[in-house]
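What follows is a short report on a single structure.
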Amino acid sequence: MVVIAAFALGAWRWRSLIALGAVFLAIAVIAGTALEGLACPRCRKPFFRSGLLHNSLSSDCMHCGLPKWRLADGSLSPAKRNLDRDLP
Ligand SMILES: [Zn+2]
């Protein structure tokens, strides 16, 4: 969204925003690629990627089906427990 806004405003008025948009785009691509490479705690394969298939919103491991926020033994991650506790 920020990238689109920067490109649109750059094309319309402020040329320097196009360069800023390109930087934001590069950051988004690098961060997205890093997230997709996160390994599943149970099968150690990429959680959100299986071959050519990518699903960043998947709620289960694309290899072994382990639900998101679960550890290798199937228990809920302490990080998720803390997140749920802190929410209003
Ligand atoms: Zn897995």
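Selection of region 47-63 for residues being more than 25 Å from residue 82 (Cβ to Cβ) and either assigned to a loop (DSSP other than H, G, I, E, B) or more than 12 Å from the chain's Cα centre (by Cα) (or both) yields 50, 51, 52, 53, 55, 62, 63. Just to be sure before I move on: is residue 25 closer than 30 Å to residue 5 by Cβ, within 16 Å of the ligand (Cβ to nearest atom) and either out of contact with any His (no Cβ under 9 Å at 6 or more places or on another chain) or assigned to a loop (DSSP other than H, G, I, E, B) (or both) in the structure I sent? Judged against the criteria, residue 25 is not a match. Candidates are the residues of region 33-55 that are surrounded by 13 or more Cβ atoms within 10 Å (Cβ to Cβ) and of a type in the set (D, E, K, R); the one that is farthest from the ligand (Cβ to nearest atom) is 36. Inspection of region 72-82 finds no residue satisfying the criterion of being part of a helix (DSSP H, G or I), more than 15 Å from the ligand (Cβ to nearest atom) and in contact with a helix residue (DSSP H, G or I) (Cβ under 8 Å, 6 or more places away or on another chain).
Taking first residues from region 59-88 that are on the phi > 0 side of the Ramachandran plot and partners that are surrounded by 11 or more Cβ atoms within 10 Å (Cβ to Cβ) and of a type outside the set (Gly, Ala, Ser), the Cβ contacts under 6 Å between residues at least 6 apart in sequence or on separate chains come to 69/80.
Scanning region 56-71 for residues that are under 15 Å from residue 35 (Cβ atoms) and more than 11 Å from the ligand (Cβ to nearest atom), we see that the one that is surrounded by the most Cβ atoms within 10 Å (Cβ to Cβ) is 69.
Bear in mind that the values in this text are calculations on the coordinates, not laboratory data. In this text, all values refer to a predicted model and were calculated from it rather than measured experimentally. No Cβ is skipped: glycine too gets one built from the backbone with ideal geometry, and neighbour counts run over all protein chains shown.
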